[in-house]
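The structure appears right after this line, and notes come after that.
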Amino acid sequence: LTPIAITALRHSAFYSPLLYTIRSGLLEAEGLKPSYAPQTPQSRTAVEQVTSGEAHVSQLAVAASFAELEKTKGVPTDLVHFAQINERDGFFLVGRQGNFQWRDLEKKKVLVDHLFQPLALMKYACHLQNVDYSSIEVVDAGGPDAMEQAFRDGQGDFVHLQGPTAQQLEHEGKGVVVASMGDVIGPVAFSSLFAKRDWLRTDMAKAFMKAYGKGRRATAELSAKEVAQVVQPFFEEINPCVLVSTIDVYQRMGCWDGDTAVPPQTYEKLLDAFLYSGVITSRHPYDAAIASVE
């Protein structure tokens, strides 16, 4: 078997199509032996790992390309997104109680994920719900683990988290999932697989995509329980029932529907959100950020 090194910007059940592909034996069936190591505060970033060749593939946010495209004025880069993982924003708002309306965020303390893409889309979701984002007492509590702990410790009225952390808090009676970003924003090019353009021309890339296509389709079509049984070893700290319910929520939301290509219309929605949030200055061409295995 040929080793293939896979990394990730973030690790959560939201990325189950990739995790299922890694754990299910599909890659081995195509002659590949996967290793999976998401980036940590102590490691090099996912982008640095792909750039250096330390990793062949990474899970990444599609908008991770925008900073470089702002510098190159839209000239295509050597690093591209070649398949979608999620076609929805997978973040949730967790509150202290139910009966939520979006206007409830105004003048409240909200622990917001400050990574570029979730932050921009949180602002865009508020815009779509006619909420004045500037009226929210926004708190940067650090990364997802620190945000979760801060909310557990009593900080904030709401916290902005991916699954299954949001659902685990609700399961433990520490909060209530009150809103879904994915339901508010609809289809958007959220998370993807990322590699060098020249790697997309390799036999390894073709074998990987054959396995990943099957894995993503299985993640969408199998029962949530069947998917959870495969990916559970990645989430030993999460109650198995919570993992099943989280995967069910993502399936019903439509995160993993469709094929592996990044639909142009979802990329355009992402540009809308980032332009609204003031993160980019122009509509960068689809082909500058997105490619496919040849």
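The residues of region 240-294 that are assigned to a loop (DSSP other than H, G, I, E, B), among the aliphatic types (A, V, I, L, M) and closer than 15 Å to residue 117 by Cβ, listed by number, are 262, 279, 280. Cβ separations smaller than 7 Å between residues 6+ apart or across chains give the following pairs from region 234-261 residues that are in contact (Cβ under 8 Å) with a residue 24 or more places away in the chain and under 17 Å from residue 85 (Cα atoms) to residues that are part of a helix (DSSP H, G or I) and open to solvent by 40 Å² or more (accessible area, probe 1.4 Å): 253/183. Checking 72, 7 one by one, the residue that is open to solvent by less than 30 Å² (accessible area, probe 1.4 Å) and among the polar types (S, T, N, Q) is 7 and no other. Taken as a whole, the condition of being in contact with a Pro (Cβ under 6 Å, 6 or more places away or on another chain), at pLDDT 95 or above and under 26 Å from residue 286 (Cα atoms) applies to residue 91.
Here residue 39 meets the list (1) surrounded by fewer than 15 Cβ atoms within 10 Å (Cβ to Cβ); (2) part of a loop (DSSP other than H, G, I, E, B) almost entirely, failing just condition (1). In region 263-290, the residues that are under 18 Å from residue 84 (Cα atoms) and free of Cβ contacts under 8 Å to residues at least 40 places away in the same chain reach residues that are open to solvent by 10 Å² or more (accessible area, probe 1.4 Å) and among the charged types (D, E, K, R) with C-beta atoms within less than 6 angstrom, at least six apart or across chains, in these pairs: 271/283. When 97, 101, 117, 129 are checked against the criterion of being touching a residue at least 60 places away in the same chain (Cβ under 8 Å), farther than 30 Å from residue 3 by Cα and either open to solvent by 40 Å² or more (accessible area, probe 1.4 Å) or of a type in the set (Lys, Arg) (or both), 97 stands alone in meeting it. The sole residue among 48, 54, 28, 68 that is in contact with a strand residue (DSSP E or B) (Cβ under 9 Å, 6 or more places away or on another chain) and without any contact (Cβ under 8 Å) to a residue 12 or more places away in the chain is 68. Please verify whether residue 161 is touching a residue at least 24 places away in the same chain (Cβ under 8 Å) and crowded, with 20+ Cβ neighbours inside 10 Å, treating the condition exactly as stated. Considered against the rule, which asks whether it is touching a residue at least 24 places away in the same chain (Cβ under 8 Å) and crowded, with 20+ Cβ neighbours inside 10 Å, residue 161 comes out as yes.
The condition (being surrounded by 22 or more Cβ atoms within 10 Å (Cβ to Cβ) and at pLDDT 95 or above) is satisfied by just one residue among 208, 234: 208. A count restricted to region 218-231 and to residues that are open to solvent by 10 Å² or more (accessible area, probe 1.4 Å) and under 17 Å from the mean Cα position of the chain (by Cα) stands at 1.
The values are calculated or read from the model by the stated rules, or taken from the named source; none is laboratory data. Nothing here was measured: the structure is a model prediction, and the numbers come from that model. Every residue, glycine as well, gets a Cβ built from its backbone with ideal geometry; the counts of neighbours run over all protein chains shown. SASA here: full protein model, heavy atoms, side chains in, ligands and nucleic acids out. Shrake-Rupley method; radii C 1.70, N 1.55, O 1.52, S 1.80 Å.
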